[in-house]
Amino acid sequence: RPLLLVGLLTTDLDRSILTFRTGPKPYFVLEGGQLELRGAPMEEGSAAWSARFEPRIRSYLWALLRQSWQRLEAGGDPLEAEAGREEKMAINRAILVRLVAEAREAGCEPRFVIFPANLGQGGPGWREAFLVEELGRLGVAFLDVRALLEEEAERAGRPVGSFFLDDGHLNADANRVVAARLARLLEALPGEAPPP
């Protein structure tokens, strides 16, 4: 049976609700509990889009104060702020359900790789916990890169940060570790636990 491999950066959960990211982009909304695609087809560039939509920010000082407060509430980690979390979870839950259902209807079994956005800044945040829970509920095998690299760092007696380049991307050592585990994940048949 063919496999569909899906890589997810945890902050993709945030990007899924954005209507603009360096330019206008397609996005989903929930209408009556169903996913509805908006912003597609894209018929205008950034300049035309910006001219048509006024900024929502009325006061940049107020926005800064609000973001600073949200960061404090999240223990200093802006990725853990509560703002928009329920919307992000609802939209992404619906996206995952649809993606898995459509893959299986097409005769493919999905496998996911979860890449953390903030490894080394504390434990897993709500995004990773959400993805692990939802993929487990859907019966989808996945590779949690955070857990894997933390396990490998402990085994090798080295800091987990040594698996990353200065720009936050995985280095060659980390890529080897992830590739080896991913190969085993891809060998697992649907309905079976992946080999250890």
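What the Cβ-Cβ distance of residue 25 and residue 162 gives, at R0 = 25 Å and to the nearest 0.05, is a FRET efficiency of 0.10. The slack between residue 18 and residue 87, meaning 0.36 nm per residue of separation minus the straight C-alpha distance, is 23.7 nm.
Per-residue extension of 0.36 nm, minus the Cα-Cα distance of residue 147 and residue 101, leaves a gain of 13.9 nm for this segment.
Values in this text are rule-based calculations from the coordinates and carry no lab data. Computed from a prediction, not measured in an experiment: that's the story for all the values here. Here the Cβ is made from the backbone with ideal geometry for all residues, glycine too, and neighbour counts use every protein chain on show.
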